[in-house]
């Protein structure tokens, strides 16, 4: 579907105005990149559920609302309002308000030499040549119209550079705050993270809302370039308000023996689609994609993975746990492509979902495409309820029902937290997950409890 | 007043009537053993007393410590002092044993208006009970029953009982599947719990445990009713004769009570 009518007018208007505003500071290569990306977006438009990759996620809501680029450059946000998103001992906290880097709210105290953390905008203006080697080289604007749209408006976000053999022990916390004032706004945060050979870093992208619940369209994209033998953890924490349309793509390029962990915690947002797209380009790479999604009310949480094995002896793991209640809708779409050269690939994916209500639903779709002949690929998906036996066991020891349910949900969510390194980020994530689980309805669905037939209803294999 | 008084209890599960007019009185300080063949209703009785919701009581009364037990929810019954050791303890991945046990103890203490214990206060009590049951403290940092052997699971049940200190403990076939060493340890744990203020009901299929835990009363449960009660010698008699005679008797008399 091409972009049509008022939609096109809206985006064309924004694009033209934006191009004019930033014309003076934009190097030619970036202008070309933006223009070709916008042309691509105009040609294909927003996806529909007829597209196989978007079968379970309807983005019509995004297309109906005339989102504008944020106008105000100064948003009155006090430092004290950020306290609830404070991670202790982070190496740096970089804050973006409505997509713009906000130095006033950011701290950058504990970075070692040989590490650069800066706003992408500042890099574009001052040192565009440092970006030219990587920016736009990995993200696939042909495949994904949202990546094309992001690229068309790519202007600010973070640029992180970790030099060779440089080890960054503490996480870098990127905090993206949506704070609209009345008008529906769209932001297109764009991040470029380059970790050179044998470097080590942990980067957190957290998305939150502040103020009114005016509709927001957040379309983020990150290119993460991981050098040989480097070790990188990337964590996405989504906890915006329910009027948020949130699209995000993490494109990971892994060199030889690079070790990457991608964690995503989808706790908030109205319609959320999180794409994780690692390309295991060098031999012996390892990638763990670990996710937790918790949906209530009418939240739609879509986890899309495309794992490309391009070289021999690489390992990839996908573990996703979901908890859905109310009319929430979850999607797990795990696509693995093992290219012809990628012998001895070891790929595995697992998706487990708890459905706490009759109206909650999950679509889980494993998709393996294997062109090499000596590989190990497995997948499994289960859907279930809270185990009645376990609940009774806890209650029979005096723990009240709501508390017992919460303990079981925490344990289930804990499987994902356990895959994260035990550090300040782990504790921060655990607190966020616990707080989210506090909001999960304690009561049993009405049909449960007194019916004997519920006994033994356990995990059900679906894949 | 008796600690537990069951009168004319009828209960069904999944549409099948299992208990068909059961009467039982247990006083504080006593240890009762309920024996019976497979399917006689032993476990159903245990589950009803632990207030499992899928076991429906259709008639009869159960008074526990002067209160109507059948009006209580599972956790209320536990907080009032009922403890059931499971025949098949459940594995709960992701919830640590020690954390679980402290949460349970604190839930009960809170219900009774006693101050909750923090981790530091809890530890000495916990360690003492671990020693009593010859359990490795390392097991306690693992998830509840996860990866435990059959014997370890049963010992864990007794450990929980000894920490939670119930007024009435119901052991549902805790002796089944144990080797002789584990059986002795379990028996030791049970004997250590005997107290003038506490009653213990041992539900068992075999007489073996009763060599180590001497009951005050033995009851024979057949087809949902107690058909005979006696002293410890009754267990010996059952060991020799089996349940055959009682089953025939029960079938014979069943129409009269229906």
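The values are calculated or read from the model by the stated rules, or taken from the named source; none is laboratory data. This is a predicted model, so every value here is computed, not measured. We place every Cβ from the backbone using ideal geometry, glycine too, and count neighbours over all the protein chains shown.
Worth pointing out:
- Any hit, region B:93-103, residues being within 10 Å of chain A (Cβ to nearest Cβ), over 20 Å from the mean Cα position of the chain (by Cα), buried (at least 20 other Cβ atoms within 10 Å of the Cβ) and outside any helix (DSSP H, G or I): yes
- Among the numbered conditions (1) in a loop (DSSP other than H, G, I, E, B); (2) within 13 Å of chain A (Cβ to nearest Cβ), the only one that residue B:108 does not meet is (1).
- Matching residues in region B:51-92 - criterion: being closer than 29 Å to residue B:147 by Cα and more than 19 Å from the chain's Cα centre (by Cα): B:92
- If the condition is being surrounded by 14 or more Cβ atoms within 10 Å (Cβ to Cβ) and free of Cβ contacts under 8 Å to residues at least 60 places away in the same chain, then region B:147-161 contributes B:148, B:150, B:151, B:152, B:155, B:159.
- Restricting region B:147-161 to residues that are within 12 Å of chain A (Cβ to nearest Cβ) and touching a strand residue (DSSP E or B) at 6+ places or on another chain (Cβ under 9 Å), the residue that is nearest to residue B:36 (Cα to Cα): B:157
- Meets criteria (more than 14 Å from chain A (Cβ to nearest Cβ), at pLDDT 95 or above and farther than 28 Å from residue B:13 by Cβ) for residue B:184: no
A quick yes/no check of all residues on (1) at pLDDT below 95; (2) buried (at least 24 other Cβ atoms within 10 Å of the Cβ); (3) over 19 Å from residue A:428 (Cα atoms); (4) under 19 Å from the mean Cα position of the chain (by Cα):
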site: A:214; (1), (2), (3), (4): yes, no, yes, no
site: A:222; (1), (2), (3), (4): no, yes, yes, yes
site: A:239; (1), (2), (3), (4): no, no, no, yes
site: A:247; (1), (2), (3), (4): no, yes, yes, yes
site: A:258; (1), (2), (3), (4): no, yes, yes, no
site: A:287; (1), (2), (3), (4): no, yes, yes, yes
site: A:296; (1), (2), (3), (4): no, no, yes, yes
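- Residues located in region A:416-428, provided they are away from chain B (no Cβ under 14 Å) and in a helix (DSSP H, G or I): A:424, A:425, A:426, A:427, A:428
- Residue B:178 vs. criteria away from every other protein chain (no Cβ under 14 Å), without any contact (Cβ under 8 Å) to a residue 60 or more places away in the chain, over 20 Å from residue A:389 (Cα atoms) and in a loop (DSSP other than H, G, I, E, B): yes
- Scanning region B:112-146 for residues that are in contact (Cβ under 8 Å) with a residue 24 or more places away in the chain, exposed (fewer than 13 other Cβ atoms within 10 Å of the Cβ) and away from chain A (no Cβ under 14 Å) yields a count of 0.
- Among the residues listed as B:6, B:18, B:34, the single one being part of a strand (DSSP E or B), within 25 Å of residue B:223 (Cβ to Cβ) and within 14 Å of chain A (Cβ to nearest Cβ): B:18
- Here residue A:63 passes the criteria (1) at pLDDT 90 or above; (2) within 23 Å of the chain's Cα centre (by Cα) except the one numbered (1).
- For region A:370-415, a residue qualifies if it is within 11 Å of chain B (Cβ to nearest Cβ), more than 30 Å from residue B:169 (Cα to Cα), surrounded by 18 or more Cβ atoms within 10 Å (Cβ to Cβ) and in contact (Cβ under 8 Å) with a residue 40 or more places away in the chain, and the qualifying residues are A:412, A:413.
- Of all residues in region B:70-85, those satisfying the criterion of being in contact (Cβ under 8 Å) with a residue 60 or more places away in the chain, more than 7 Å from chain A (Cβ to nearest Cβ) and closer than 28 Å to residue B:16 by Cβ are B:82, B:83, B:85.
- Residue match in region A:66-79 (condition: at pLDDT 90 or above and not in a loop (DSSP other than H, G, I, E, B)): yes
- Residues satisfying the stated conditions in region A:153-179, i.e. surrounded by 24 or more Cβ atoms within 10 Å (Cβ to Cβ) and either part of a loop (DSSP other than H, G, I, E, B) or without any contact (Cβ under 8 Å) to a residue 24 or more places away in the chain (or both): A:153, A:154, A:157, A:171
Residues are listed down the side, and each one gets a yes or a no for (1) modelled with pLDDT of 95 or more; (2) at positive phi:
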| site | (1), (2) |
| --- | --- |
| A:355 | yes, no |
| A:358 | no, no |
| A:368 | no, no |
| A:398 | yes, yes |
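- Only listed residue being modelled with pLDDT of 90 or more, out of contact with any strand residue (DSSP E or B) (no Cβ under 7 Å at 6 or more places or on another chain) and assigned to a helix (DSSP H, G or I), chosen from A:46, A:41: A:41
- Among the criteria (1) closer than 19 Å to residue A:358 by Cβ; (2) at pLDDT 95 or above; (3) away from chain B (no Cβ under 14 Å), the one residue A:431 does not fulfil is (1).
- Some residue of region A:99-117 being in contact with a strand residue (DSSP E or B) (Cβ under 6 Å, 6 or more places away or on another chain) and at positive phi: yes
- Qualifying residue in region A:3-18 (condition: at pLDDT below 90, part of a loop (DSSP other than H, G, I, E, B) and over 16 Å from residue A:148 (Cα atoms)): yes
Listed here are the residues, each with its yes/no results for (1) in contact with a strand residue (DSSP E or B) (Cβ under 8 Å, 6 or more places away or on another chain); (2) over 30 Å from residue B:244 (Cβ atoms).
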| residue | (1), (2) |
| --- | --- |
| B:40 | yes, no |
| B:58 | yes, no |
| B:78 | no, yes |
| B:88 | no, no |
| B:95 | yes, yes |
| B:103 | no, yes |
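- Any hit, region B:51-60, residues being within 11 Å of chain A (Cβ to nearest Cβ), in contact (Cβ under 8 Å) with a residue 40 or more places away in the chain and buried (at least 19 other Cβ atoms within 10 Å of the Cβ): yes
Yes/no per residue for (1) in contact with a strand residue (DSSP E or B) (Cβ under 6 Å, 6 or more places away or on another chain); (2) closer than 22 Å to residue B:246 by Cβ:
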{"site": "B:4", "(1), (2)": "yes, no"}
{"site": "B:8", "(1), (2)": "yes, yes"}
{"site": "B:15", "(1), (2)": "no, no"}
{"site": "B:27", "(1), (2)": "no, no"}
{"site": "B:43", "(1), (2)": "yes, yes"}
{"site": "B:46", "(1), (2)": "yes, yes"}
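- Unmet criterion (only one of (1) modelled with pLDDT of 50 or more; (2) within 14 Å of chain B (Cβ to nearest Cβ)) for residue A:453: (1)
- Each residue in region B:162-177 was checked for being farther than 23 Å from residue B:234 by Cα and out of contact with any strand residue (DSSP E or B) (no Cβ under 8 Å at 6 or more places or on another chain), and 3 pass.
- Here residue B:41 meets the list (1) within 7 Å of another protein chain (Cβ to nearest Cβ); (2) crowded, with 21+ Cβ neighbours inside 10 Å almost entirely, failing just condition (1).
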